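Peer 1: The structure under discussion is supplied below as structure tokens; questions concerning it will follow.
The values are calculated or read from the model by the stated rules, or taken from the named source; none is laboratory data. Being a predicted model, the structure only gives us computed values, none of them experimental. Ideal geometry is used to build each Cβ from the backbone, glycine not excepted, and the neighbour counts take in all protein chains shown. Accessible surface areas use protein heavy atoms only, side chains included; no ligands, DNA or RNA. Shrake-Rupley method; radii C 1.70, N 1.55, O 1.52, S 1.80 Å.
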Amino acid sequence: MNKSLVSLFASVTLFAAFPAYSLSEREPVIAEGTVIRVIDGDTYDIRIDNPSIYEQFIDDARGDSRRERYVRQRSQSIRVRLASIDTAESVHANASRNSARGKQSSSVVSSMLSNQPVSVKCYDWGRYGRSICNVEFSYQGQPTDLGEWLIKNGHSEYVSKWGRNPYKDREYREAQRQAR
């Protein structure tokens, strides 16, 4: 890793141990940003702070219309799908799929994350073109993994049917066990 990347990530406290690479290589892209919109409990728009890291998302999305629509240059933001979490629906196009539990999860996440700084560790693209990421935020003054928090607080279960979370599997399984 070159010295400029080392110095860039020296200030990243939540994911300092992991280098940044391209999503297309299935290596994580690590970024700091601000949540500018909560779509629902497991989907968010995040403005990426570092322009060169944001460019990685643009480069990785180029030529794929599903991905390109969620990399918004005007706001320097990406659409994030929280990894290994599936909260109940609150804004689904098929209104019959929306639920009170989904609206509650969305409201809780919105109150915690709207206009708040977060760290993301994105390692894949979902079938709809959203970046699949682990998200960390400050909760009661402590760095907190959002997925783990949602599991512990009954807003989601750990979803591993598309594979285990590559970074938080043990923590998510333990949170699921405790939540039961």
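Peer 1: Can you tell me the length gained on complete extension of the stretch R180 to Y128, counting 0.36 nm per residue apart and subtracting the Cα distance?
Peer 2: Values: separation 52, 0.36 × 52 = 18.72 nm, distance 3.10 nm.
Working it through step by step, the gained length comes to 15.6 nm.
Peer 1: A further question on this structure: Show the residues, 5+ positions off or on another chain, whose built amide H is closer than 5 Å to the amide H of I85.
Peer 2: Here V159 satisfy the definition.
Peer 1: Restricting to DSSP loop positions (anything but H, G, I, E, B) with no more than 13 other Cβ atoms inside 10 Å of their own Cβ, which chymotrypsin sites (Phe, Trp or Tyr not before Pro) remain in segment 100-144? Please list the in-between numbers first.
Peer 2: Working: sites: Y123, W125, Y128, F137, Y139; in loops: Y128.
Sites meeting the loop and neighbour criteria: Y128.
Peer 1: Can you figure out the FRET efficiency of S107 with S65, using R₀ = 41 Å and their beta-carbon distance, to the nearest 0.05? Numbers along the way, then the final one.
Peer 2: Numbers: r = 32 Å, r/R0 = 0.77.
It comes out at approximately 0.80.
Peer 1: Applying 1/(1 + (r/R0)^6) with R0 = 25 Å to the Cβ-Cβ distance of Q116 and D169, what FRET efficiency is obtained, to the nearest 0.05? Provide the component values of the computation, followed by the final result.
Peer 2: Values: r = 26 Å, r/R0 = 1.03.
Efficiency computed from Cβ-Cβ geometry: 0.45.
Peer 1: Restricting attention to segment 25-84, which trypsin sites (Lys or Arg not before Pro) occupy a DSSP loop and are surrounded by at most 16 other Cβ atoms within 10 Å? Don't skip to the answer; put the middle values down first.
Peer 2: Values: sites: R26, R37, R47, R62, R66, R67, R69, R72, R74, R79, R81; in loops: R26, R62, R69, R74.
Filter output for segment 25-84: R26, R62, R69, R74.
Peer 1: Straight-line reach only, C-alpha to C-alpha below 12 angstrom: list the aspartates and glutamates that K103 could link to, leaving out same-chain residues fewer than 8 apart.
Peer 2: D40, D42, E89
Peer 1: Can you compute 3J(HN,Hα) from phi for each residue in segment 120-133, using the Karplus curve 6.51 cos²θ - 1.76 cosθ + 1.60 with θ = phi - 60°, rounded to whole Hz and x for Gly and Pro?
Peer 2: Going residue by residue, I get 10, 10, 9, 10, 6, 10, x, 5, 8, x, 7, 6, 8, 9 Hz, with x marking Gly and Pro.
Peer 1: So what does E55 come to for accessible area, using a 1.4 Å probe and Å² rounded to 10?
Peer 2: Its heavy atoms expose roughly 90 Å² to the probe.
Peer 1: Tell me which residues come under 5 Å, amide H to amide H, from D124 once H is placed; ignore anything under 5 positions away on its chain.
Peer 2: For D124, the qualifying residues are I132.
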